[in-house]
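Values in this text are rule-based calculations from the coordinates and carry no lab data. The model shown is predicted, which means the values in this text are computed figures rather than measured ones. Methodologically, a virtual Cβ is constructed for each residue, glycine included, from the backbone with ideal geometry; neighbour enumeration extends over all protein chains shown.
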Amino acid sequence: MSANVHQGEPVVFIVDDDASLRAALASLLGSCGFQTVACASGAEFLASALPDGPCCLLLDVRLQGASGLDFQAELGRRRIDLPIVFMTGHGDIPMTVRAMKAGAVDFLAKPFREQDLLDAVAAALARDGERRASARAADELAARYAGLTPREREIMGLAASGLMNKQIAGHVGTSEITVKIHRANAMRKMQAKTFADLVRMAEALGLDVAQARPGSYTRV
Amino acid sequence: MFQSPGSNLRAAGVVLLTLAIFAVDAFTALDIAIAVLYVVVVLCATSVWSRRGVLLTGVACATLTVGAFALTHHDVVSSPMARCLVSVAAIAITTVLALAGMAATDALRQRSESLRLSEAFLASTQRISRTSSFRFQAPGGAMHWSEEAARIYGVGLDVTPTPALVRERTHPDDLALLDDVIARADRGEAAIELRHRLRMPDGAVKHVHMIARLAADHDGRFEYLGALMDVSAAHEAAETLHRTQAQLAHATRVTTLGELAASIAHEVNQPLAAVATNGNACLRWLNRPEPDLLEARLALDRILADTCRASEVIKRIRALARKGEAQRLPLDVNLLLRDTAALVQRELSNHRIVLELHLAPGLPPVEGDAVQLQQVVINLLMNAMQAIDGAAADWLRRQQRIVLSTRLDGGQVEIEVADSGPGLSELQAGRLFEAFYTTKADGMGMGLAICRSIVEAHGGSIRAVAHAGPGATLAFALPCAAPTAKDAADAVTGAPA
């Protein structure tokens, strides 16, 4: 793992046991402005730290010792979620099918056209970028939610389930005005501009909205 | 004995002579021992009748002598009586001597007859076995040879062999061999041997084998006796066998290549992919607003290296698919094994098998055909691979290994292929190298049989090694090449091979 990987920038990991092809891929991707990390084996990849930014894996289906498919399975066991673009040679159709079934983003038959390679890598990086953005948003939301008091959380959940302030007050055994204050606090802390935002956030956080309010009308 | 027309005439002459002597003896009064002339009759009889006839003639002559005496003389003690006795004695002695002479002649005739028979016998045997005998003197080369030798050399039976004739018939490429043998004979070596070719005036080539031994040494003049065999037929048969074996080996080699096709395609594809990718990268580095010449140059360097690599792979495959005469060249076994390992590495790794090379350094060269020996090694490796595969078809089984090792064992280089497969039973180990014997469901049983024929053609041996623990080990040994002067010098200085 090279030290000169800029944090946050996209990184393409190349895992191929062929040193020459590895260097060629690194050079081509480098000429297009991608950062690359070249590894000779799956083990070498696992030993390197994953960067913070979006990344993807360019993986040879046939590796010395363990095959690319084994490595894909190993990543799954380790819960390393990384878009994989497989590179295949002649007569590897069964392996390619297995790879795609196991969740590979794309595959390239060697020797590949450069545009196909660049497109596949760009698509894989975009997918990882999206995945990372949504993961980051979820993290932020959870952090904000963690900043609420227990009472605010309770009232946020009940409000998101569609109960009127009066109903909530009755439900939790307090005055309507207190409910209003907690509700306003929750919206401010959660950075929800509208009530609809708050409802979406509650859903994204997985609050059990429906259970709090035995179904009366359709949610937004 | 002999019933020729002349013998009847002679018999009549003998009878007439006998009657004439009897008439003179009995009816004239000559006072001499006429009867002694019967001796002539007996002697003549030897050339007319057999021994029995001569004996009868002798008895008849003696009887006639006594009869003539009885007719003309009556007194017992007298000089005619004495003459009669002298005559009878002379006839008896002549008869005995004539009979003895005839017996000796018969024996001689019989001996010469049997000699003639044995000569004819020898000549026909020589002809059938295409083996001739000869005698020659060295130095000088005065020669004598049997009829078959003349036939082998393609000259008339009456032609006297000379060293010039022998030279003229010897194949031009083998003259040096002939000269060497002549030089050895001139030194009086006890035994000389030569396998060489003759070229007939019509261009036909004969393969002959000559063996000669020193028979006598007359103060520096050596006399050799020897045999010369026409081994063309045997040579031809060996050549045909060799060609057939080579064809079979080639066929199986191509089959093996077919089995390796996917791996080989990958081996070729890999550098091609690298070349294409490097080419694209190079263009992109050059097409930048500020061209990056260093990166472009690096990409070009890699392109060149990959081109070499692709052509190396193709060269190896072409060599293996080559259909040509087997060669005998000094080979570095370790280098050969590394090349071979490169060909099958990919296939083995696809089967999750790790190939380990344990090569003893500094092995002496062996003499042989690189392609054929490579074939043996590939066959053994593929065999080991299939043995492992058969044991565990499971895709995710633990890693298996094959160890390919070399070592020097006396005057031989031993090459061993050990696998971690299920191993062999003793029965299997014993029959492994037989043609059409296979332990595989879809095997032909030719691979290892061909390995054996190749190894044996190289003067080596192949075997399955029994050992404790799992896995099978197949090993073959090849004799080291005869050391050249240079090798000997290397050995003295301890320089690595």
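3J(HN,Hα) couplings calculated from phi for segment B:131-147 with the Karplus curve 6.51 cos²θ - 1.76 cosθ + 1.60 (θ = phi - 60°) are, in sequence order, 10, 10, 10, 7, 9, 8, 10, 9, x, x, x, 4, 10, 8, 9, 7, 4 Hz; Gly and Pro show x. Measuring gaps between exposed loop sites in chain A (trypsin sites (Lys or Arg not before Pro); DSSP loop; at most 14 other Cβ atoms within 10 Å), the longest gap, sites not included, is A:114-192.
Starting from the alpha-carbon convex hull of segment A:147-212, give the projected area averaged over all orientations, in nm².
Numbers: hull surface 15.6 nm².
With every direction weighted equally, the projected area is 3.9 nm².
The mean number of partner chain beta-carbon atoms within 10 angstrom of a residue's beta-carbon across peptide A:25-34 is 6.
List the longest stretch of chain B that has no exposed loop site; here a site is one of the trypsin sites (Lys or Arg not before Pro) assigned by DSSP to anything other than H, G, I, E or B, with at most 16 other Cβ within 10 Å. Between exposed loop sites, the widest span is B:1-321. Mark the label point 7 Å from the Cα of residue B:322 along Cα→Cβ and return the residues of segment B:243-267 whose backbone N is within less than 14 Å of it. Once the point is set 7 Å along Cα→Cβ of residue B:322, B:250 turn out to lie under 14 Å by backbone N, inside segment B:243-267. Counting Cβ atoms of other protein chains within 10 Å of each residue's Cβ and taking the mean over peptide B:292-300 gives 2. Considering only C-alpha atoms, what is the centroid distance from segment B:27-106 to segment B:328-380, in Å? If you average the Cα positions of each part, the centres end up 101 Å apart.
Evaluated at q = 0.27 Å⁻¹, the base-10 log of the normalised Debye intensity for segment B:142-189, with identical point scatterers placed on the Cα atoms, takes the values -1.06. Once you've got the Cα coordinates, tell me which of A:110/B:315; A:166/A:193; B:206/B:323; A:101/A:193 are over 32 Å apart. A:101/A:193, as the Cα separations exceed 32 Å there. At q = 0.09 Å⁻¹, what log₁₀ I(q)/I(0) does chain B have when each alpha carbon counts as one equal point scatterer in the Debye sum? Debye output, listed in q order: -0.89. Thinking of segment B:130-230 as a set of Cα atoms, what percent of all their pairs are more than 22 Å apart? Value for segment B:130-230: 21 percent of Cα pairs lie more than 22 Å apart. Derived scalar couplings between HN and Hα for segment B:306-322 equal 5, 4, 4, 4, 4, 6, 4, 4, 5, 4, 4, 5, 4, 4, 6, 7, 4 Hz in order, rounded to whole Hz, by the Karplus curve 6.51 cos²θ - 1.76 cosθ + 1.60 (θ = phi - 60°), x for Gly and Pro. If amide hydrogens are placed 1.01 Å from N in the peptide plane, which non-local residues have theirs closer than 5 Å to the one on residue B:423? Long-range HN contacts for residue B:423: B:471, B:472. Size of segment B:5-122: Rg and Dmax of its alpha carbons, in Å, are 18.0, 68.
Rounded to the nearest 0.05, what FRET efficiency is calculated for residue B:56 and residue B:135 with R0 set to 56 Å and r the Cβ-Cβ distance?
0.70
On C-alpha positions alone, give me the angle between the axis of helix B:175-187 and the longest principal axis of chain B, in degrees, nearest 10. For helix B:175-187, the angle is close to 50 degrees.
Here the ratio of the Cα radius of gyration of the protein assembly as shown to 2.2 N^0.38 Å is 2.03.
Looking at segment B:130-230 only, what percent of DSSP beta bridges run antiparallel? Nearest 5 please.
Details: 31 of 31 bridges.
If I count the DSSP bridges inside segment B:130-230, around 100 percent turn out antiparallel.
In plain terms, if you count all Cα to Cα distances in segment A:11-136 and split them into 5 Å steps from zero, the share in each step is 2, 11, 23, 27, 22, 11, 3, 0, 0 percent.
Taking amide H as placed 1.01 Å from N in the peptide plane, residue B:413 has its amide H under 5 Å from the amide H of B:478, B:480, each at least 5 places away in sequence or on another chain. In chain B, the DSSP beta bridges split such that about 90 percent are antiparallel, to the nearest 5. Mind pulling the angle between the C-alpha long axis of helix A:68-77 and the longest principal axis of chain A? Nearest 10 degrees, somewhere in 0 to 90. Roughly 20 degrees between the two axes.
For segment B:69-76, the Karplus equation 6.51 cos²θ - 1.76 cosθ + 1.60, evaluated at θ = phi - 60°, returns couplings of 4, 5, 5, 9, 10, 10, 7, 7 Hz by residue, with Gly and Pro reported as x.
Near residue A:58, the amide H atoms lying under 5 Å from its own belong to A:13, A:14, A:15, A:85; only residues 5 or more places off or on other chains count, and H is placed 1.01 Å from N. For the segment A:110-120, counting C-beta atoms of other chains within 10 Å of every residue's C-beta and taking the mean gives 3. In this simple spin-label approximation, residue B:401 and residue B:117 carry label points 7 Å from Cα along the Cα→Cβ vector, and these lie 7.8 nm apart. Between the Cα long axis of helix A:195-205 and the first principal axis of chain A there is an angle of about 50°, rounded to the nearest 10.
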